[in-house]
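Everything below concerns the one structure shown next.
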Amino acid sequence: MHKADYLEHLAADTARLREAAAGTLTETVPTCAPWTGADLLLHVAEVYRHKATTMRHNAWPSPWPPDFTGADPVAAYDDAYAELRTELSTRDAEETTLTWYPPEQTVGFWARRMAHEALIHRVDAELTAGLPITPIPADLAADGVDEVLTCFLAFATAEYPQAFEGALDALDGRTVRVDAGDSSWFVTLAPTITVAAEGTADATVTGDPDQVLLWLWRRVEDPTLKFEGDPLLPATLHTLLKVATQ
C-alpha cells in the first residue's frame, strides 16, 4: 500500500471514530475498559499529536504527555487529527523521521501506523456505541495482520522479552500459519518469535482478512475463523499478542 492509501483510510476511520465516540463520552469502552468514550478520543488525540510533533522535530516530544485537563474530548481530537494530517500530507513517505521501529525510520511508517491506530480504535468506538463494525477493506486488513505480527509481536519479543514475564521461555519453536485471504504468515513460536512468508506449519488459523485482524487484536470474541492442528498454538499466539499490543 502507498502513503496516499493510508491517508485515505486514516481520514475515513478518524471520521467514523469521531462520530461513534461523540455519542458515548460517558460509556465504558468494552474492549479498552475502564476507558470511556471520552478517554478513547483523548487517547487517540494524544497519539496523533505525539506522532505529529515527532515528525515536526525528528525527536520524541518533551515534555510529554499534553495536559488535557478540562479539554473537550471531541475538540482535542479534531485539533490533533488536523495537526497529524498536516505533517503526513506535506512530507514524502521516504523522508527520514524518528520511529520506535528501527528497520523503518520514515514518514511512511507513521502513515501506516496511524491508519491502523485509527482503524482499531474506530472499531472500539463502534462496539461502544452498539453499532455494527464498518467493513474493513481487505487490503487494509491484510496489511494490518502483517503489521501486528511483524512490527508488534516479533519485534517485541526481540526487543522487550521481559514484558512477557517468562512466557517466551516455554515456547518450543513450532509454527502457526496465519492465512488471511490470499496472504499467509508463518509465525514460529520460539523465545524470539519470527515471521516468514514460507515454511511448514503445526497449526493454522484461516479466515477473511478482517476477521483475522480483529482476532489478532482481540476485538471480537467469536470471529469467523477456521483452526486446524494443535489448538494450543493459536491459543498461545493469541495470548502473546495481548502483551505485544498493550
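Taken over the stretch 98-135, the residue count meeting the criterion of being within 14 Å of D13 (Cα to Cα), hydroxyl-bearing (S, T, Y) and buried (at least 20 other Cβ atoms within 10 Å of the Cβ) is 0. Is it the case that T54 is assigned by TED's automatic domain parsing to the domain that holds A115, in contact (Cβ under 8 Å) with a residue 12 or more places away in the chain, in contact with a strand residue (DSSP E or B) (Cβ under 8 Å, 6 or more places away or on another chain) and hydroxyl-bearing (S, T, Y)? Here the answer is no, as T54 does not meet what is asked. Against the conditions (1) surrounded by 22 or more Cβ atoms within 10 Å (Cβ to Cβ); (2) touching a residue at least 40 places away in the same chain (Cβ under 8 Å), A38 satisfies every one except (2).
Give me a count of the residues in the stretch 53-96 that are closer than 18 Å to A4 by Cβ and not in a helix (DSSP H, G or I). So the count comes out to 6.
Put simply, of V145, V123 the only residue that is of a type outside the set (S, T, Y), outside the structural domain of D39 (by TED's automatic domain parsing) and modelled with pLDDT of 95 or more is V145. Checking the conditions here, which among T26, T31, T14 is polar (S, T, N, Q), surrounded by 22 or more Cβ atoms within 10 Å (Cβ to Cβ) and under 30 Å from D222 (Cβ atoms)? Step by step, each of T26, T31, T14 is checked, and only T14 is polar (S, T, N, Q), surrounded by 22 or more Cβ atoms within 10 Å (Cβ to Cβ) and under 30 Å from D222 (Cβ atoms). Only one of (1) more than 20 Å from the chain's Cα centre (by Cα); (2) among the aliphatic types (A, V, I, L, M); (3) under 25 Å from E126 (Cβ atoms) fails for A59. Which number is that? With respect to (1) more than 20 Å from the chain's Cα centre (by Cα); (2) among the aliphatic types (A, V, I, L, M); (3) under 25 Å from E126 (Cβ atoms), A59 is out only on (3).
When the test is whether a residue is at pLDDT 95 or above, touching a Pro at 6+ places or on another chain (Cβ under 7 Å), in a helix (DSSP H, G or I) and of a type outside the set (A, V, I, L, M, F, W, C), H50 passes it.
The values are calculated or read from the model by the stated rules, or taken from the named source; none is laboratory data. No experiment lies behind these values; they were computed from the predicted model shown. Neighbour counts are summed over all protein chains in view; Cβ atoms, including those assigned to glycine, are modelled from backbone coordinates with ideal geometry.
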